[in-house]
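Here's the structure, in structure tokens; my notes come after.
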Amino acid sequence: MGLTIDKSGLIWVGTIEGVGRFDGKKFMPFLLPDSMVANPQHMLSDQLVFKIIEDKNGTIWLVTDGNGIFKYHKGEFTHLTDKNGLTDNNAADILEDKHGNIWIGTFYGGVSKFDGKTYTNFTKEGVIDGVEIGNLYEDSKGNIWFSVENKGVYRYDGTNFTQFTTENGLTTNGVQSIFEDNKQQLWFGTWQGISLYDGQNFMNAKDKEPWTK
């Protein structure tokens, strides 16, 4: 489900049954020590891992389905859950921005920004009009974009949130992926084709024929 290569060259793979690491020769399961779990079963051995990233400090972040987030750094583990600041244990995506903040999108608790010490939570009861957060993306201007289930996408400029939906030109409110090209145009992969945003207007492609501009 998730895939990243760390600074040492190890390949981390998230699957429906936990995490594995590949060193170029052999593939080994990556398990938490028993001291971190309440029962004798390894906590990550049967967890769906959605996303894996390595931050600027070399910390590996593991996003799980229903069990919060695990941090791994220099042999030490930290478990982030709703008991210590996370809004929801059902995390969907994670992003490190250019300032080193960690953004976490969840299924039921909106979006959280973690600066290494404290959380700033943007919940569905507050600025976010939606439930399930999908993809997180930072553009070249430092804006944070994230998709919300059936609610289009939001852009956060550090102060304000702006929502984009079919009323603004999106082909559909179900957005699956976000990407910025070298012209600073945003591409949105949706349930019904592709939407291109040039900063002012959307252009959509739904048909099978080649799409050129």
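Kindly list the number of the only condition in (1) touching an Asp or Glu at 6+ places or on another chain (Cβ under 7 Å); (2) at pLDDT 95 or above; (3) assigned to a strand (DSSP E or B) that fails for S140.
(3)
Is it true that some residue in the stretch 92-102 is in contact with a Leu (Cβ under 8 Å, 6 or more places away or on another chain), closer than 21 Å to T4 by Cα and among the basic types (K, R)?
There is no residue in the stretch 92-102 that is in contact with a Leu (Cβ under 8 Å, 6 or more places away or on another chain), closer than 21 Å to T4 by Cα and among the basic types (K, R).
Considering only residues that are assigned to a strand (DSSP E or B) and either acidic (D, E) or within 17 Å of W103 (Cα to Cα) (or both), which ones fall in the stretch 180-198?
E180
Given the condition of a type in the set (S, T, Y), in contact (Cβ under 8 Å) with a residue 12 or more places away in the chain, touching a strand residue (DSSP E or B) at 6+ places or on another chain (Cβ under 6 Å) and over 22 Å from D198 (Cβ atoms), answer yes or no: does some residue in the stretch 151-160 qualify?
So far as the stretch 151-160 goes, no, none of its residues is of a type in the set (S, T, Y), in contact (Cβ under 8 Å) with a residue 12 or more places away in the chain, touching a strand residue (DSSP E or B) at 6+ places or on another chain (Cβ under 6 Å) and over 22 Å from D198 (Cβ atoms).
Within the stretch 80-100, take every residue that is over 15 Å from I60 (Cα atoms) and small (G, A, S) and give me the one that is nearest to the chain's Cα centre (by Cα).
A92
Can you confirm whether E167 is closer than 18 Å to V63 by Cβ and among the acidic types (D, E)?
no
Looking at the stretch 53-62, can you tell me whether even one residue there is at pLDDT below 85, surrounded by fewer than 21 Cβ atoms within 10 Å (Cβ to Cβ) and acidic (D, E)?
no
Can you tell me which of T165, T190, T106, T118 is more than 16 Å from the chain's Cα centre (by Cα), of a type outside the set (A, V, I, L, M, F, W, C) and surrounded by 21 or more Cβ atoms within 10 Å (Cβ to Cβ)?
Just a single option satisfies the conditions, and that option is T190.
Hand me the list of strands (runs of 3 or more DSSP E) wholly inside the stretch 49-118 holding 2 or more residues that are free of Cβ contacts under 8 Å to residues at least 40 places away in the same chain.
69-73, 76-80, 111-114
The values are calculated or read from the model by the stated rules, or taken from the named source; none is laboratory data. All values reported here derive from a predicted model rather than from experimental measurement. Neighbour counts run over all protein chains shown; Cβ positions are idealised from the backbone, glycine included.
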